[in-house]
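Student: Below you'll find the structure I mean.
Coordinate-derived values only; no laboratory data. Not measured: the values here are computed from a predicted model. Every residue, glycine among them, receives a Cβ derived from its backbone with ideal geometry; neighbour counts consider all protein chains shown.
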Amino acid sequence: MSGSAPAAGPTSGSQIGWRRVLRRKPVSMLNAESGADTGGGELRRSIGVGRLTMIGVGSTIGTGIFIVLNEAVPKAGPAVVVSFVLAAITAALTALCYAELASTIPVAGASYTYAYATLGEIVAYVVGACLLLEYGVAASAVAVGWGEYLNALLGDVFGWQLPAEFSAPPGEGGVLNVPAAVLVTACCLLLVRGAKESATINAITVCIKLAVLLLFVAVALTAFNAEHTQPFAPFGVTGIGTAASMVFFSYIGMDTVSTAGEEVRDPRRTLPLAIFWCIAIVTTVYILVAVAGIGAQPWQAFEGQDAGLATILGNLTGSGWPAIVLAAGGVVSIFGVTLTTIYGQTRILFSMGRDGMVPKVFHNVHPKRRTPVRNTLIVSAFVGLLAAVVPLSTLANLTSMGTLVAFTVVSIGVVVLRRTRPDLQRGFRVPGYPVVPALSIAACIYLITQLPWETYLMFAVWLALAMILYFTYGIRHSRLAGDDTAAFGTSQQ
């Protein structure tokens, strides 16, 4: 349907309403706002391929891989390796779609922005809500566990620990999680200083935790026993699928790369490269850890095993140093993940603020530092408060749902933009189109079906709250308000 003015005649209120909620933001406007084609923009472009790749790896490889084998192996047995491969395929298919959209619309906001350009305003708002759920709850949930790893490290090295009341998660023996609040404050101060400085510190933390995981692989492979892989799939295809949905949590975060679209140099080239390197590094490390862990001990031993990888290393070496190394790795890992997830959330809110979907305070940029300082302070305060006083074990399950919904929308967006704007400049094109986007959508939907029903209920409540905010604030303050001719018009893209 063209973007020409509608024919004269009466227009029903319902038609006007639908045109308002389905209006799309032209790609030309998005690129002009971010300076994508001029190298300018409101945020400082200071990040290259290396640092951007480390942001993706840092956000993806968190504490999950340190403990996920204990949860996934009892579900699939040695075939958990296949589960990791299935999850990796799902992430890789989606990564290809992210790479095309990121090279076509290299702006902040990730899948929220892509949805705004392809599927309309109300869909973009839903995706934005999903991303805020992914980043906000994930950052809080990860920060909650920092006190546990810090205490483990202090106990192993100094024989002293913080009181449980001020270091354990609320509801699990703790009253006020002080380490979590300190962690979020440190991340906030670093992000306020600048994106380049934050990316540098993150790259250092990534190198440390990769070294810790590769140390585990090297030691565990020396004790590899092929008998531990039998029977390979004791719970069949069902067990492999259940474990795949579980370990997919460990791949959440790779989309953080695309939230930095306005702070990278040569974004049409840098964004796709960083996404590919992120997936390659993460997948390689995860599969190596899974193979080494399965070969090092019988699969039945994983159930109920505390401390995950540290316990395996301790059993193999007969020494206490592995616990110290793994605890240190956990402390560093959580810092890196918290830093990058808070960063991702601030950049999504930055884009939503520019569009009028949320208050303008989230879009304000410091004139000297060229970072969204007030945005960062507000997000950090919210994340820190949740981490310090709220038990998040239940809410943490929602992060996977929000991420999978966002991933699905990105894959749909590739198809829509190929059909509506085949002429757009693309730094990368998804190979095997349209099969790859279709497979990505199918894989995401399959993993969504594996989630418990309680997650669906909580997700529905979250979306209801998002819709209330959209219809009471977003639709009235949208920068596209009054431009109803853009609702369905592809020519305005």
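Student: Counting pairs on different chains as well as pairs 8 or more places apart, how many Lys pairs in the chain have Cα atoms under 28 Å apart?
Tutor: Taking the chain as the scope, the lysine pair count is 6.
Student: Based on DSSP H runs of at least 4 residues, each adding -39500 (n - 2.57), what is the mean residue ellipticity at 222 nm of the chain after dividing by all its residues, to the nearest 500 deg cm²/dmol?
Tutor: After summing the helix terms and dividing by the residues of the chain, the value is -21000 deg cm²/dmol.
Student: Taking loop as defined by DSSP and a crowding limit of 12 other beta carbons within 10 Å, which chymotrypsin sites (Phe, Trp or Tyr not before Pro) in region 140-229 fit?
Tutor: Loop-located and lightly packed - Trp160.
Student: Now a separate question. Which cross-chain or sequence-distant (5 or more) residues have an amide H under 5 Å from the amide H of Val358, H modelled 1.01 Å from N in plane?
Tutor: Under 5 Å from the amide H of Val358 lie the amide H atoms of Gly353, each far enough along the sequence or on another chain.
Student: With an 8 Å Cα cut-off and a minimum separation of 6 or more residues, compute the relative contact order for region 118-203 in percent.
Tutor: For region 118-203, the relative contact order is 19 percent.
Student: Most exposed first by the Cβ proxy, i.e. fewest other Cβ within 10 Å, how do Tyr456, Tyr98 rank?
Tutor: If I rank by nearby Cβ atoms, fewest first, I get Tyr456, Tyr98.
Student: Just to check I understand the Karplus step: with θ = phi - 60° and J = 6.51 cos²θ - 1.76 cosθ + 1.60, what whole-Hz values come out for region 150-155, glycine and proline as x?
Tutor: 5, 5, 4, 5, 4, x
Student: Right, next: Using Cβ counts within 10 Å as a stand-in for footprinting exposure, how do Met54, Met458 rank, fewest first?
Tutor: Met458, Met54
Student: Another question, if that's okay. Which order do the peptides 417-423, 258-264, 355-361, 123-129 come out in when sorted by mean C-beta neighbours inside 10 angstrom, highest first?
Tutor: Packing order, densest peptide first, comes out as 258-264, 123-129, 355-361, 417-423.
Student: Sorting Cys278, Cys188 on the 10 Å Cβ count, fewest up front, what's the list?
Tutor: Exposure proxy ranking, most exposed first: Cys188, Cys278.
Student: Follow-up question, since we're still on this one. Hey, got a sec? Which GluC sites (Glu not before Pro) in region 101-203 land in a DSSP loop and have at most 12 other Cβ atoms within 10 Å?
Tutor: The qualifying sites are Glu172.
Student: By per-residue mean of other Cβ atoms within 10 Å, what is the highest-first order of 329-335, 379-385?
Tutor: The peptides rank, most packed first, as 329-335, 379-385.
Student: With axes computed from alpha carbons, what is the tilt in degrees of helix 236-247 against the longest principal axis of the chain, rounded to the nearest 10 within 0 to 90?
Tutor: Tilt relative to the chain: about 70 degrees.
Student: If you plug each phi of region 26-33 into the Karplus form 6.51 cos²θ - 1.76 cosθ + 1.60 with θ = phi - 60°, what whole-Hz ³J(HN,Hα) values come out, in order, with x for Gly and Pro?
Tutor: Once rounded to whole Hz, the list reads x, 4, 4, 5, 4, 5, 5, 4.
Student: Right, something else. Would you work out the relative contact order for region 47-480, in percent, from Cα pairs under 8 angstrom that are 6 or more residues apart?
Tutor: Across region 47-480, relative contact order equals 35 percent.
Student: Using θ = phi - 60° and the Karplus curve 6.51 cos²θ - 1.76 cosθ + 1.60, what whole-Hz ³J(HN,Hα) does each residue of region 328-345 get, with Gly and Pro shown as x?
Tutor: Values, residue by residue: 4, x, x, 4, 5, 4, 5, 4, x, 5, 4, 4, 6, 6, 5, 4, x, 5 Hz.
Student: Relative contact order, percent, of region 276-387 when contacts are C-alpha pairs under 8 Å separated by at least 6 residues?
Tutor: About 13 percent, as a whole number.
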